[in-house]
Amino acid sequence: MHKDKKILALIPARGGSKSIPKKNIVDLGGFPLIAYSIAAAKMSPYISRVLVSTDSSEIAEVAKHYGVQVPFLRPAEYARDDSPDIEFFRHAFDWLQEYEGYVPDLVVHLRPTTPLREPALIDKAIKEIIGDEHATALRSAHESEHTAYKLFRKEGEYIHFFGQEDFAQNEEYYNRGRQFLPKTYNPNGYVDVIRPEVLQQTGMLHGLRIRAFITERVADIDRREDIAFAEKLLGEEKFRPLLRFLENQKLTTYA
């Protein structure tokens, strides 16, 4: 089913980070953070190519050390704090098409800041979107600890609760217990999959029919204390194959 498809893993890694300097290559369990996303992508039999998009020559060298391609450096204007994801996707697609004539069928978006993944779940996500021709993209998420149905935004001096369109106009659903309200989910960066044709045809990165891929709550590296939490999780059995792969990569590199 997947062998006739060109499936690219795209790993974005800006050089700048305010919360943790050089965050994408900070040490986690003896390896740079980005190495975990590289390893997970390389362990998937579905992914035929792995590419890192970065504006940093230092990060590019680290990525090459772990055996992936960095055929270009991302222009600075696409690597600002406020740069949306769609910019580096467009830049990567345009470069690959212009210089290589390469157009992938699917792109697996793996953020380095979500380092701990099971490759089998990446494969499952890819299989799900391949099997759903109506899906314009797939995004991973975990169940919200606090339902969005209890949140509101201000409209002038008044309150507008989210989800009012799902209930009767005079129903104070936000006073219900969380267990009696619909579940809501937080996108978590574990694995997203996009179709380049959707971006080309609509100008949208994910389109209007995004398939949900529900995972457990994951480690997200944003602050220093998040690194300590991720290192504790590394001791779990399910991440041993990932660590073994990285250890073997190190031995191969230095052999």
Worksheet, complete the sentence: Of the residues in the stretch 148-203, those that are hydrophobic (A, V, I, L, M, F, W, C) and in contact with a helix residue (DSSP H, G or I) (Cβ under 7 Å, 6 or more places away or on another chain) number 7
Practice prompt. Taking Ala35 as the residue in question, decide whether it is at pLDDT 95 or above, buried (at least 19 other Cβ atoms within 10 Å of the Cβ) and over 30 Å from Lys127 (Cβ atoms).
Written response: no
Worksheet item: From the list Ala76, Ala63, Ala92, which one is among the hydrophobic types (A, V, I, L, M, F, W, C) and either over 19 Å from Ser37 (Cβ atoms) or free of Cβ contacts under 8 Å to residues at least 40 places away in the same chain (or both)?
Response: Ala76
Discussion item. Just the residues that are within 15 Å of Gly30 (Cα to Cα) and either without any contact (Cβ under 8 Å) to a residue 12 or more places away in the chain or not β-branched (Val, Ile, Thr) (or both), please, taken from the stretch 197-240.
Written reply: Ala228, Phe229, Ala230, Glu231, Lys232, Leu233, Leu234, Gly235, Phe239, Arg240
Worksheet item: How many of the residues in the stretch 11-50 are in contact with a Ser or Thr (Cβ under 6 Å, 6 or more places away or on another chain) and among the hydrophobic types (A, V, I, L, M, F, W, C)?
Response: 2
Fill in: Test: residue in the stretch 71-93 that is of a type in the set (D, E, K, R), in the same structural domain as Leu233 (by TED's automatic domain parsing) and within 23 Å of Gly30 (Cα to Cα)
no
Item to complete: Among what's in the stretch 175-219 and is part of a strand (DSSP E or B) and among the charged types (D, E, K, R), pick the residue that is surrounded by the fewest Cβ atoms within 10 Å (Cβ to Cβ).
Response: Arg211
Worksheet item: Looking at the stretch 187-241, which of its residues are of a type in the set (Phe, Trp, Tyr) and out of contact with any Leu (no Cβ under 9 Å at 6 or more places or on another chain)?
Response: Phe229
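Do we have Ala63 as touching a Phe, Trp or Tyr at 6+ places or on another chain (Cβ under 8 Å) and in the same structural domain as Met204 (by TED's automatic domain parsing) here?
No: the conditions fail for Ala63.
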Worksheet entry | Count - residues of the stretch 76-94 that are more than 24 Å from Ser48 (Cβ to Cβ) and either exposed (fewer than 12 other Cβ atoms within 10 Å of the Cβ) or touching a Cys at 6+ places or on another chain (Cβ under 8 Å) (or both) | 4
Worksheet item: Among the residues of the stretch 220-231, is there at least one that is among the aromatic types (Phe, Trp, Tyr), in the same structural domain as Arg117 (by TED's automatic domain parsing) and either in a loop (DSSP other than H, G, I, E, B) or over 23 Å from Leu8 (Cβ atoms) (or both)?
Response: yes
Worksheet item: So, of the residues in the stretch 160-206 that are closer than 26 Å to Asp220 by Cα and of a type in the set (Phe, Trp, Tyr), which turns out to be nearest to the chain's Cα centre (by Cα)?
Response: Tyr190
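The values are calculated or read from the model by the stated rules, or taken from the named source; none is laboratory data. This structure is a prediction, so every number in the text was calculated from the model and none was measured. Glycine gets a Cβ as well: all are built from the backbone with ideal geometry, and neighbour counts include every protein chain shown.
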